[in-house]
Structures are given as structure tokens and as C-alpha cells.
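Below: the structure, in C-alpha cells.
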Amino acid sequence: MEIHLQAKFCKDPLMSLCPRCHSIARGGILLAPVLAILMVAQEAAPADRNPVNTRFIPGDMLADSPVEFPERGALPARFPPDVPIAHEPAEPDYYLFASPCRSVAQIRRIQSEMPAGRFVPPRPDWTHLPRTRRVLIEGGDLHLLALGDSIVNDTMRSGWVGLLQDAHPEARIRATVYVRGGGGCQHYREAERIAKNVVPRRPDLVFIGGISQRSLEDIREVIQQLRAGLPDVEILLATGAFGTADPRDPEALAKAPHSGAGAYGVALRRLADAERCGFLDLTTPWAEYIVSSGLHPHRFYRDVVHANEFGEQILARILMAFFKTHGFQIEETDERIVLRGEAIEAAVRKTGYVSGVEGGSFHDRQTGARDLGFGLDIQDWIMEPGSDAAYRDRLPGDLPYDYHNLYHGRRAKRSIEGPQICTQARRLEPRIIEGADFVAIEQNWTYRLAAPGKNTGSEWSQTLVFPSGRRYFVSSDWILSRNAGEALFFRQDMPGHIKHRHGDTFSEVYLSYAGRIPSSAFVEDFAPDERFNYRRDRDGVPERMIRAYRIRDPLAGKEGPWLAGMTLDPAATSEAWCHQRGYVCLIHEVGERPVREGESFGAAYVVGYFDSIPEMERVYDRYRGSTALEVTAAGWQLVGAASP
């Protein structure tokens, strides 16, 4: 009984060797051989014969747990793995087997039934995993070997490798799992286990994780042994995730011995940097998901230490987010989608002022610059030339259109369908498409107001593609019209307006049809048709349709990059404004050609940061003449012939 009392009084059940009682292995497994007979060591095999004495070291979460765990062992599996496991010979207490042990169909079913939650995806960092990224993008063989304890076993049992293969069909991915209950690098560094069991299998990527690591020096030694036998191997170091630490208690979570939220996470990241390894904090997103679910953590556990199928799928989602080869960190809330990439950051709003890229969110990481307006590629009404004076009193909502003023100029125009999407749609439902080297966002909206004698129901659709490593995005806007007209067009902001005070935030504007214009020209308000106005019917089609402004620091006056909006088929532009109305207004109109009911019209663009006008022109010429954008998870392409 003395041994059990020592364990009971231990306040840190996750320590490999408790400094108080000197007898407990992580998760309640006794270290000393003489003690091992009093507890059954955790078995890491995916059949899950891991007995855990849940009353022995219960953990703080049991105090309010709604789950009644068995006295020994774990709750029965709701979804036993449905793929036969190929085991390989291994020494006693160690296990070698292939992964995944779940089909993608089963994984999808589990994820569809698991409680909802969210986490901030870990930022993909491929600095020390370049070959892995190249294989995932271009194809080839990738052999992953996971090394650790029963926590690593559970991570691999999630089947995330199958999801990775499904997302990258050009690659040939296989995985081997090498684990033992309570196993850490202190075990794998001994008895030539790396040389005998890892090196001969020649993995391309080794994953080292779990909650059973005794010390960073043990991990370092295993890294060195791996590199001695496999000089080109890539290595990913991961923190722990589940265990007995309560994810609802940030302080307790940070103090857990193998937590990415505390000192261990900091130290492990430093080791990864020093040894040229990848690093993944599993703790923080694991805790975020559980807390956001609003449920007790044990809803994701099969015993007091280990995850059930739902908990395993949290890790699968975290790993899939980490292995996104496009390099973007994607955060989605009820209000917006945020993308953070190596070259740019951007947000797309779901509520409020919607369509396009949210104002002030488009960040050039090379220079630190941000867009200066209310948004980029922002959508308004469907319109046509002519006055609405004859029926203005019958126009609903925001359809009445005033002209003969500084805002709209002297040209008569009228709204056919509305309301203005950006201010009146209130909410859009953007959809994310992730490819190997890009992220795309699609959104659409149906117009619900119409002028007398016109139909409602025209559909606007927008596609935004953010290519990896580029300082620009590619977009398209199209209208499927429910009305016929001789000169229908839609209005948008392209690239976007410029907020300023006497030209303090920008130094000049460039219009491919008018040249370079100093910011001093935009001090006083003037009408859109008074200066710098373009009309296709009057001016003809230019060689390129580029509209850009050069950002500068309003305090230091330092010049920054150009922010350009480029309509890739210059003939698609019917009219373009660049006038001052408290801000520089860069309205852009597309179409003004005959349209029959049921026909579509639109344009494609490149919007982004450039260091010079020649750089803009080179990118423009690469995509010149494109009118539409097609996207699937397999890739994106600009298509279409230039307008006549």
C-alpha cells in the first residue's frame, strides 16, 4: 500500500519521474520495475487495451465531470477503426504498425457527429520541412514515422494521414507508428532503437510528440541519432495535447509538463529552431476547441488521460491545418474570415460592410503597408444609363439615383436592381476552397429590389484567389442577369477608395489611361466627370486598365509600395472614376453592353502590392485578356477571351 499512497499524494501525474514520490511515470504508470507489477502499463496498440486506473490519479476534471469512466480501462469505442492494421515485429512493450487505421469515410462521419468547436489554426511553417511541402504540392513519395507514447498512438489513430493523402492525390503517403505506453525519447535513444527500428525504414519525416518526454536532451539525442543515420530526414517536434490538465484553466494548462502553452512549449520551440526541426503546438488549439465547444472536456475523453474518437479528430483537424501547403493560416469566426500568409494578410467580412476584402485588412508583410480605404473589390448596384425621374417616387430602398452633383457628376444613370450589396446585404456566406498553393473564397448574393417593370433575382458572384507567396490576389465579379437591357453594367470599387487628409497617406495615383497624378490634385472636392474620368465610348480601349495609388507614411513621409487594381480585359471597363469627395473615390463600372435575360457579364482582376509600375505591367501582361476565374481544390485558372 505504501507505493499506492506515494502515487496518490503526487500532485503532478504527468511527470516522467515525480520529484516528490520518485515513482510515477506519466499518466500514472510506475517507472521502477519493482513497481510495474502493481499497475498494468498502457498499451499503445490501436485496439486500445490501455487500462487506466481512473480512481488512482483522477485529475481535477473529475470533480465536475458528467462522464462516468470505468474503474479500469476505457469507455467502449463508438467508432472502432475500420481499416485492418498491419503490425510489424517489435520488442516487448513496443508497437510498430501502419497508419491510417481509419478510412476517410469513417473520419468524415466522426467529424460530422462530433461537437462543434473552433481553434486558431497553427501557422504553417515549412522552413525546416521543405521536402515534405514539395512532395505534397508536386507529388512523390512521403513516408512519415511517428515516435512516442500512447498519446502519439491516439494522434495517429485519428486517421489524419488518410485525410492528408486525400488532400494531396499526387503524393504517395504512407505512415509507420512506433510507440510504447509512457514512451519518450529517453527510451528510444537507448538500445540502438533508432538505428535498428527507424533508420532501416528510411522515413522522410519523423514526428516526435506525446506527454512522456523526460527531457529536452533526450529529444536532442534522438534527433542526432536520426540525422546520423538519415542525413536528409525532416523532423517535426510536437507538444502534448490531452492528459489530466484542465484545458478550461489556462494557468493549470500552462503548468502541465508537456504543454505548448507554457515553459515546455517555449523550450521545445527553441530546440526545434536550434536543430532545424519543425515545431507544432498541439496544446493551445486543442484547448481552444474544447473551451469553444462549451462542453466538459471529458466529452472528448475515453478515460481520464486519453482522447475518444472526437478528441482524436480535434488533433486530426489541427494537424491538417498545420500541413496546409498553401502556407496560409485561416481563422474563421461568425464575423469574418482572416487569412495570414507569408506575403500578405487579408480579411473577408461576413457581416456589416461586406463583399471583397475588408478595408484596412490587406497587409503587405514585406513593407508593412495596408490598404487605405473601405475595402477592395467592393460591390454596389446593377445599373444602366438614363434618368429615373419618371418613376423615382416608386423606387424602393436605395434605388433612387441623384446626379448633377459632386458625388455622381452630370451623367444620367439609374439603378436597375439593388440594394447596394456592400452596405445593405448585411450578411454573406463566403465559402473557403483550399488548394495546394492557394486559398480561394467564393461568395454570392441575390438582388432583392428592382425598378418598376424590372425583375428581381439577378445573382452576383465573386471569387477571390490568394496564391501562396504572392503580394496580390486574383478576383472576378459576375452578374447572372434576370433582366434584359441595352447597356447594363454593375458598379464596384476597384481597387478601393483612398482615405486621406490633404494627401498625407499617399503620394500619387497612377491611371494607365491618364498617367501619374500627384496627391496634391486631390485636396479639394470635384465631380467624377470633371477630371481623371475614363469612358470607353469616348476614350476607346486602353492597352491596359490599371488604377493604383502609392502609399506613404503620413508621419515620416516615407514612400511605400503601390496598391493596384487591374482589370485584365481593358474593354470590360465602361467607365472609371478617380475624384475627390472627402476621400479619393475609385468607382469602376463593368459592362454597359446589351444583355439578354439569363445572360451573364463580368470581369477578372488582379489586386495587390507592387514596387513599381513596370512590375504591375509585367503581372498584367501575364494574365491579359482574362475575364473569369475558375476554382476547384485541384487548382485555379483565369479564363475567357477579351471583350470585342
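Do we find that TRP460 is in contact with a helix residue (DSSP H, G or I) (Cβ under 6 Å, 6 or more places away or on another chain), closer than 30 Å to GLU345 by Cβ and in contact (Cβ under 8 Å) with a residue 12 or more places away in the chain in this structure? When the stated conditions are applied, TRP460 does not pass them.
Evaluate segment 541-548: report whether one residue or more is of a type in the set (A, V, I, L, M), in a strand (DSSP E or B), crowded, with 16+ Cβ neighbours inside 10 Å and free of Cβ contacts under 8 Å to residues at least 40 places away in the same chain. Yes: segment 541-548 contains one or more residues that are of a type in the set (A, V, I, L, M), in a strand (DSSP E or B), crowded, with 16+ Cβ neighbours inside 10 Å and free of Cβ contacts under 8 Å to residues at least 40 places away in the same chain.
Only strands (runs of 3 or more DSSP E) whose full extent lies in segment 384-476 are considered here, and the ones with at least 2 residues that are open to solvent by 20 Å² or more (accessible area, probe 1.4 Å) and among the β-branched types (Val, Ile, Thr) are 431-435. Where helices (runs of 4 or more DSSP H) fall entirely within segment 123-191, those with at least 1 residues that are open to solvent by 50 Å² or more (accessible area, probe 1.4 Å) and either of a type outside the set (Lys, Arg) or more than 22 Å from THR283 (Cα to Cα) (or both) are at 130-138, 160-167. Filtered by the rule that a residue be open to solvent by 10 Å² or more (accessible area, probe 1.4 Å), in a strand (DSSP E or B) and acidic (Asp, Glu), segment 477-527 gives GLU486, GLU508. For segment 324-339, a residue qualifies if it is under 20 Å from THR463 (Cβ atoms) and assigned to a strand (DSSP E or B), and the qualifying residues are ILE330, GLU332, ARG336, ILE337, VAL338, LEU339. So, TYR94, is that one in contact with a Lys or Arg (Cβ under 8 Å, 6 or more places away or on another chain) and over 21 Å from VAL439 (Cβ atoms) or not? When the stated conditions are applied, TYR94 passes them.
Put simply, of ALA105, ALA98 the only residue that is free of Cβ contacts under 8 Å to residues at least 24 places away in the same chain, within 34 Å of the chain's Cα centre (by Cα) and not in a loop (DSSP other than H, G, I, E, B) is ALA105.
Hey, does segment 572-592 have a residue that's open to solvent by 50 Å² or more (accessible area, probe 1.4 Å), assigned to a loop (DSSP other than H, G, I, E, B), without any contact (Cβ under 8 Å) to a residue 40 or more places away in the chain and out of contact with any strand residue (DSSP E or B) (no Cβ under 6 Å at 6 or more places or on another chain)? No: zero hits. Against the definition (more than 13 Å from the chain's Cα centre (by Cα) and either at pLDDT 95 or above or closer than 26 Å to GLY210 by Cα (or both)), how does GLU345 come out, yes or no? Considered against the rule, which asks whether it is more than 13 Å from the chain's Cα centre (by Cα) and either at pLDDT 95 or above or closer than 26 Å to GLY210 by Cα (or both), GLU345 comes out as no.
The values are calculated or read from the model by the stated rules, or taken from the named source; none is laboratory data. Quick caveat: nothing in here was measured; it's all calculated off a predicted structure. Virtual Cβ from ideal backbone geometry, glycine too; neighbours counted across all protein chains shown. Calculation scope for accessible area: heavy atoms of the full protein, side chains included, ligands and nucleic acids excluded. Shrake-Rupley method; radii C 1.70, N 1.55, O 1.52, S 1.80 Å.
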